[in-house]
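Taking it in order: structure first as structure tokens, then the write-up.
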Amino acid sequence: RWALLASLILMILVDLTKITLPLLSRWLLDDVLKSGAETVSLMGQSFTPTRALFYFAVITMLFNSLGQLFLGSSTFILRRGSFAMTDSMRRLTYEKMQQLSQQSLQKRTSGDLLKRITNDTRSLGRTADYLRALIEKAILILISGTILFAVNPLLAVLALLPVPFVPIVVRKFFQRVHLLYEKMWICSSRETSTLHDIIKGIRVVKTFGAEDREIKKFSGVGRRLMDVSIRADRFWALANPPTRMLTFMGELLVTAVGGYMVIKGIGGMTTGVLFQFTLFAAFVYEPLRWMSFLPRVLAGTSTKLLKIFELLDEPLTLPEAQNPVREPIDGGIAFEGVQFGYKAYEPVLKEVNLQIRPNEMLGLVGPSGAGKSTMINLIMRLYDVDQGALQIGGRDIRDYDYAFLRENIAVVFQETFLFAGSVYDNIAYAKPGASPPEVMRAARLANAHEFILRLPDGYNTQVGEDGHNLSGGERQRVAIARALLKDPKILLLDEATSALDPETEGKIQQALERLIKGRTTIAIAHRLSTLRHADRLAVIDNGKVAELGSHRELLEQKGIYYGLVMAQRQMSAPAPAPAASSAAVPQTP
Ligand code: ATP
């Protein structure tokens, strides 16, 4: 605000320096350049015409230099202000994105968010330029208009005739062109999303040999953007000439009527007065012509501003409690009649009742798509339950302070995400400020230390974007180390060891056996042998807990779990079962 004000004051000074030339031009033409004159007077002083010409050059030069200085300072101050504004807007939108729930973020494409946070906030800086120019030009019209009236009221009326029409035309065109700019924004966001998607999935594109198809798809999206841009510009090409014609007609009227008055000697009109008048009139027309570009500029910036504020004003769907709790969590988790669906009309969990004791290890099994990962999402409070209640440590999960809740929970997903950076940074992400021995201890527990030391730069090796310099199993071990470094009260493992070979998995299982002591662990695994240390197993099926009990109890029930164990035994059996295998109930999963 201050930068805008300061730069505006400097711009008004620039305007004042600009008017020295027309102010002196009448004196120059009518007195200094009059043939035969011996002395010329200015402000009570007399000079020879040559000296007066010299003074004219010096004064205009001085004011021009001053004007340039003011202009430079004004632009610099405004730029600084607008960079600061862009920066704070970028920060605000980014903060908002971080606060939005998974559900809200999922509704948007990556292109949509990228565009709002980077591109749209950047154009906000340019808005300050336009605002300054608009105010400055309005002031210039006001000053010059007043002088025109002082010089010759009749000509002034003619010269200012087009002024009221320009804002009307600008407004009309703005309303029409705004819709086209909204379409352009959507097309451009689609283009960014497509690009983002294809860059992320470039391996799939290449393995399916779909490069040509993707080139066509991207060109199609680009062409749609081009078509709308051309439509906006065609409309613009039609809209701009009338405004320019209006100002040209004003100039023509002034020259014709003023010229006629000089020829006929009407109202004391001289060449000097007319010249001065046309110079001042130019100070009115130049801003009017600039305003004819305004609909386009306004439509562009207002669309972007709307998009920014749409994001900033989006209500938070996971509101934090008024007095968030930060009391130590004992690790007990209770699902009580929990119903939840990603879409309101399609419940994934229909009626889940499950009590998990503090420090218990619970294995979640069940068919694919049954809702196991969804239960983990609810425990992390990425979503809120639709009905029923989810309690942690005897309290509703919604009562806890977000950050505190997540400090106490660590999760390892099947699909590991690593940030571009070093292996060390990726492990230490869980605990900013962790010491190197702590990081290495976590890596050792996750059976990652040895492979990390074999990497070219050890812990400093760059993992690349998405960690693609590491193998799937290595990435998973880094993720396990990251979770262990956090030393959480609740550990959630969602197919956390699925990408490991049996030997490495065995080692990690041993490590986990030690680690699960003193914390509540929920592990999802399709490879049932992974869950051999589980105290209890819960079979999730059709949105409910279908079976619950120890491995042995569930086998004895001969229900879904029994079927899963049997199916896996058959799958992993290298040859038909030997005759000796007559036990009806297997001893281990
Ligand atoms: P799997 O064993 O294959 O990992 P799961 O039991 O963990 O499966 P969930 O990932 O919880 O299953 O998914 C349960 C259901 O919810 C599925 O039908 C899935 O399509 C749907 N689903 C999962 N995540 C989302 C999401 N973010 N938005 C909409 N639907 C989702």
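Things to note:
- When residues of the stretch 523-538 are limited to those that are assigned to a loop (DSSP other than H, G, I, E, B) and within 14 Å of the ligand (Cβ to nearest atom), the one nearest to Ile356 (Cα to Cα): Ala525
- Meets criteria (within 27 Å of Pro295 (Cα to Cα), touching a residue at least 24 places away in the same chain (Cβ under 8 Å), open to solvent by 80 Å² or more (accessible area, probe 1.4 Å) and of a type in the set (D, E, K, R)) for Arg90: yes
- Residue within the stretch 433-441 that is away from the ligand (no atom under 16 Å from the Cβ) and open to solvent by less than 20 Å² (accessible area, probe 1.4 Å) present: yes
- Scanning the stretch 13-50 for residues that are of a type in the set (Val, Ile, Thr) and buried (at least 16 other Cβ atoms within 10 Å of the Cβ) yields Val14, Thr17, Ile19, Thr20, Val32, Val40.
- Qualifying residue in the stretch 232-248 (condition: open to solvent by 100 Å² or more (accessible area, probe 1.4 Å) and closer than 22 Å to His178 by Cβ): yes
- Residue list for the stretch 475-507, filter: within 39 Å of the chain's Cα centre (by Cα) and assigned to a helix (DSSP H, G or I): Arg475, Gln476, Arg477, Val478, Ala479, Ile480, Ala481, Arg482, Ala483, Leu484, Leu485
To keep it simple, each residue is scored yes or no on (1) without any contact (Cβ under 8 Å) to a residue 24 or more places away in the chain; (2) of a type outside the set (A, V, I, L, M); (3) surrounded by fewer than 19 Cβ atoms within 10 Å (Cβ to Cβ); (4) part of a helix (DSSP H, G or I).
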site: Ser74; (1), (2), (3), (4): no, yes, no, yes
site: Ala84; (1), (2), (3), (4): no, no, yes, yes
site: Asn119; (1), (2), (3), (4): no, yes, yes, yes
site: Arg122; (1), (2), (3), (4): no, yes, yes, yes
site: Phe149; (1), (2), (3), (4): yes, yes, yes, yes
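- The set of residues from the stretch 379-424 being within 16 Å of the ligand (Cβ to nearest atom) and of a type in the set (Asp, Glu) comprises Asp384, Asp386, Glu415.
- Subset of the stretch 124-147 [within 18 Å of Met89 (Cα to Cα), among the aliphatic types (A, V, I, L, M) and surrounded by 17 or more Cβ atoms within 10 Å (Cβ to Cβ)]: Leu124, Ala128
- Condition broken by Ile508, with the remaining ones in (1) touching a strand residue (DSSP E or B) at 6+ places or on another chain (Cβ under 6 Å); (2) more than 16 Å from the ligand (Cβ to nearest atom); (3) of a type outside the set (S, T, N, Q) satisfied: (1)
- The number of residues in the stretch 325-372 that are within 16 Å of the ligand (Cβ to nearest atom) and open to solvent by 50 Å² or more (accessible area, probe 1.4 Å) comes to 12.
- Every condition in (1) in contact with a strand residue (DSSP E or B) (Cβ under 7 Å, 6 or more places away or on another chain); (2) at pLDDT 90 or above is met by Asn377 except one, and the failing one is (1).
- Qualifying residues in the stretch 93-117 (those that are hydroxyl-bearing (Ser, Thr, Tyr) and open to solvent by 20 Å² or more (accessible area, probe 1.4 Å)) - the one farthest from the ligand (Cβ to nearest atom): Tyr94
- The stretch 470-495 residues that are within 16 Å of the ligand (Cβ to nearest atom), paired with ones that are of a type in the set (S, T, N, Q) and open to solvent by 40 Å² or more (accessible area, probe 1.4 Å) (beta carbon under 7 Å, 6 or more apart): Asp494/Ser373; Asp494/Gln414; Glu495/Gln414
The values are calculated or read from the model by the stated rules, or taken from the named source; none is laboratory data. All of these numbers come straight from a predicted model, not from anything done at the bench. Cβ atoms come from the backbone with ideal geometry, glycine included; neighbour counts cover every protein chain shown. Protein only, heavy atoms only, side chains kept; ligands, DNA and RNA dropped before computing areas. Shrake-Rupley method; radii C 1.70, N 1.55, O 1.52, S 1.80 Å.
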